[in-house]
């Protein structure tokens, strides 16, 4: 994994498999108490204010800042969970793909490969139409959303640096009856299929109330689970739901810096690994651009949850090797790419790596390094 190339130590470049690039425009804007109770839902209200203001020009500008910062930190592939599609009143742009194109071109301009994971969104919850900024996310019908995915596939057919995927937003925002068709569409086109799953307890309660099933049970029953499926967050899964994901060879994308920023909780990583779930990581809200923090957060969060050290039962090398594989190749595969997408050079003179013997450099990088320790190899 860590190897010498032309006399320098190099590693596979990193991937962030779950990004909402426009949220980079919120940095610093939601870090003060907003009322008697501040949580995910109060943060979401602030995020909706930004989402309501976006134009193709502004989402392109903000995304370029987000992607430039990712590349500087060693990331060369991004999975963009893209859900701001339409004008503020919900009417499509004359070019229905204007917002998606703006994000894709921002990634290309900053030298990143991108998986544009086109979100399908229908409602505010059971029996509730889209509200406020959600009108920008929602399509008039499932067929309309899937037609946009087909148009994206045609527009970027053959592009080596672009993948198109499908992303039902969540069990809250997508009717249960749509899930089977979304899974079948992704299977027909061999697309990555990503979805927010079990991020918040309220999501579980709503899913149980509407369907009498937990989110992963619902997905399994609908036929949506497969090796192309990635559950984003998976913070509040029951043990049997982890097993269902593993049996389907599905993945989970963990987003530790966003999950701790929003107070989402700590997932049971041990259960996921023991179930054979393939992990990846994502920057999500861009609250901080620290891909190494995302990686070590997998292990360190589990230490906090269990009160033990070196606890995740990795079987593919040292913890640092396993985590780097999660952050590079496994993330790229979750986004539909089947190579690392480039290399990063280890800056052995970086302050964080001083005094570290060569055989421990990867351990030091993953558990104590920062962006100053990495350079992208051109």
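What ranking of 156, 93, 67 emerges when the number of other C-beta atoms within 10 Å of each C-beta is taken as an exposure proxy, fewest first? Present the calculation step by step, with values, prior to reporting the outcome.
Numbers: 156 18, 93 14, 67 28.
Listed from fewest to most nearby Cβ atoms, that is 93, 156, 67.
Which distance in Å, rounded to a whole number, links the C-alpha centroids of region 74-142 and region 244-272?
The distance from the Cα centre of region 74-142 to that of region 244-272 comes to 23 Å.
Applying a 10 Å radius around every beta-carbon, put 106-115, 138-147 in order of their mean neighbour count, most first.
106-115, 138-147
Quote the Stokes-Einstein diffusion coefficient, in whole µm² s⁻¹, for region 257-318, based on the Kirkwood radius over alpha carbon pairs, a temperature of 20 °C and a viscosity of 1.002 mPa s.
Working: Rh = 12.4 Å.
Roughly 173 µm²/s, to the nearest whole number.
Given only helices, namely DSSP H runs of n ≥ 4 each adding -39500 (n - 2.57), what is the per-residue ellipticity at 222 nm of the chain, to the nearest 500 deg cm²/dmol? Write down the numbers at each step before the final one.
On the way: 14 runs with 146 residues, N = 378.
Mean residue ellipticity, 222 nm, calculated: -11500 deg cm²/dmol.
Plugging the Kirkwood radius over Cα pairs into Stokes-Einstein for region 318-378, at a temperature of 25 °C and a viscosity of 0.890 mPa s, what D comes out in µm²/s? Mind showing how you got there, number by number?
Details: Rh = 12.4 Å.
D, rounded to a whole number, is 197 µm²/s.
Percentage of Cα-Cα pair distances in the chain greater than 29 Å, rounded to whole percent?
38 percent
One quarter of the convex hull surface, Cα atoms only: what value does that give for region 27-141 in nm²?
Taking a quarter of the hull surface, the average projection is 8.3 nm².
Rank these for me by crowding, 329, 27, going from fewest to most other beta carbons within 10 Å.
Going from sparsest to densest Cβ surroundings: 27, 329.
Among 335, 207, which comes first, second and so on when ranked by fewest other beta-carbon atoms within 10 Å?
Numbers: 335 30, 207 24.
Placing the least packed residue first, the sequence is 207, 335.
Based on the mean of other Cβ atoms within 10 Å per residue, sort peptides 69-75, 177-183 so the most packed one is first.
Ranking, from highest mean packing down: 69-75, 177-183.
Can you give the translational diffusion coefficient of region 148-252 in µm²/s, computed by Stokes-Einstein from the Kirkwood radius over Cα pairs at 4 °C and 1.567 mPa s? Don't jump to the answer; show the numbers that get you there.
Numbers: Rh = 14.1 Å.
Result for D is 92 µm²/s.
In the Gaussian network model of the chain, springs joining C-alpha atoms below 10 Å, which of 346, 208, 152 carries the largest mean-square fluctuation?
Of the options given, 208 has the highest mean-square fluctuation.
Which three extents, in angstrom, do the Cα atoms of region 177-323 have along their principal axes, listed largest first?
Sorted from largest, the Cα extents of region 177-323 read 42, 30, 29 Å.
Each value in this text was obtained by applying a stated rule to the coordinates, not by laboratory testing. All of these numbers come straight from a predicted model, not from anything done at the bench. Cβ atoms come from the backbone with ideal geometry, glycine included; neighbour counts cover every protein chain shown.
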